[in-house]
Amino acid sequence: MKFDKKVVVVTGGANGIGKCIAEEFAKQGAFVEVIDIAENGEHYKGDISKKETLEAFADHVINKHGHIDYLINNALPLMKGIDECSYEEFEYALAVGVIAPFYLTKLFAKHFSENAAIVNIASSRNRMSQPQTESYTAAKGGISALTHALAVSLSGKVRVNSISPGWIDTDYKVYTGPDAYQQPVGRVGNPMDIANAVLFLCSDKAGFITGEDICIDGGMTKQMVYHGDCGWSLK
């Protein structure tokens, strides 16, 4: 997988999974443009929930590079539940998690190069939930659906896929005991597990993959647990 001089955009790339993705592309010679609300770092600073920010950032990328090869929609939506989440907070979560990926794709649509790819970072919460997570879960469900819609609309021009991470510890902490073995692979994930998949999906090796969502959660969502299984009981 060679990405020398490829132009890569990563939203929410100043920290965590996004930072790891940006760094891995840069190691392979790519020109990486990061937008993030965080003040630390040399990235383009801006709130992607705002239409004018997205337009200014897209202009910045195209004026600088003339085209784009890969768009990684990674920025993290707000997580609040139905008891506490206000209308404005829910709207903000959807703006960051669904509207921004859609609008950036629209802004870049005429500037994608041949063999371009989009990778959306969803979540295993697009298929399962904990209580009081509605804003985040709705945003991640939305970007998963947006993925296959864009894959069809951009057929023959841009491949569009999503990745749904499970438990990813961005500090690379090593867990033991139940925290580790509740995942069938026996450990908690780390950002490299996601970055490796992103680079694969952008590469020519994934040239026959589009509209797909790949759940990278150590198998956690595939393990069926009934009352009494694995020491678990419903109370």
Under 10 Å, Cα contacts only: if you run a Gaussian network model on the chain, which one of Asn40, Asn15, Asn190 comes out with the highest mean-square fluctuation? Asn40
Most mobile of Gln132, Gln183, Gln223 per a Gaussian network model of the chain (Cα springs, under 10 Å)? Gln223
To the nearest whole percent, what portion of all C-alpha pairs in the stretch 109-235 is separated by more than 24 angstrom? 37
What is the fewest-to-most order of Phe90, Phe3 by other Cβ atoms lying within 10 Å of their Cβ? Phe90, Phe3
For the stretch 7-231, max minus min Cα coordinate along each principal axis, in Å, sorted largest first? 59, 42, 36
Partners for Lys2 among lysines (Cα-Cα distance below 18 Å; same-chain residues under 8 apart left out): Lys27, Lys205
Scattering profile of the stretch 1-121 from the Debye formula, Cα beads only, expressed as log10 I(q)/I(0) at q = 0.11, 0.14, 0.16, 0.19 Å⁻¹, is -0.35, -0.56, -0.72, -0.99
Taking N as the residue count of the stretch 1-67, its alpha carbon Rg divided by 2.2 N^0.38 Å gives 1.08
Cα principal axis extents for the stretch 168-235, largest first, Å: 48, 27, 16
Order of 153-165, 198-210 by packing, highest average Cβ count within 10 Å first? 153-165, 198-210
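Laboratory data are not the source of any read-out in this text; all were calculated from the coordinates shown. On a predicted model such as this, the values are computed, not experimentally measured, just so you know. Cβ: placed from backbone, ideal geometry, glycine included. Neighbour counts: every protein chain shown.
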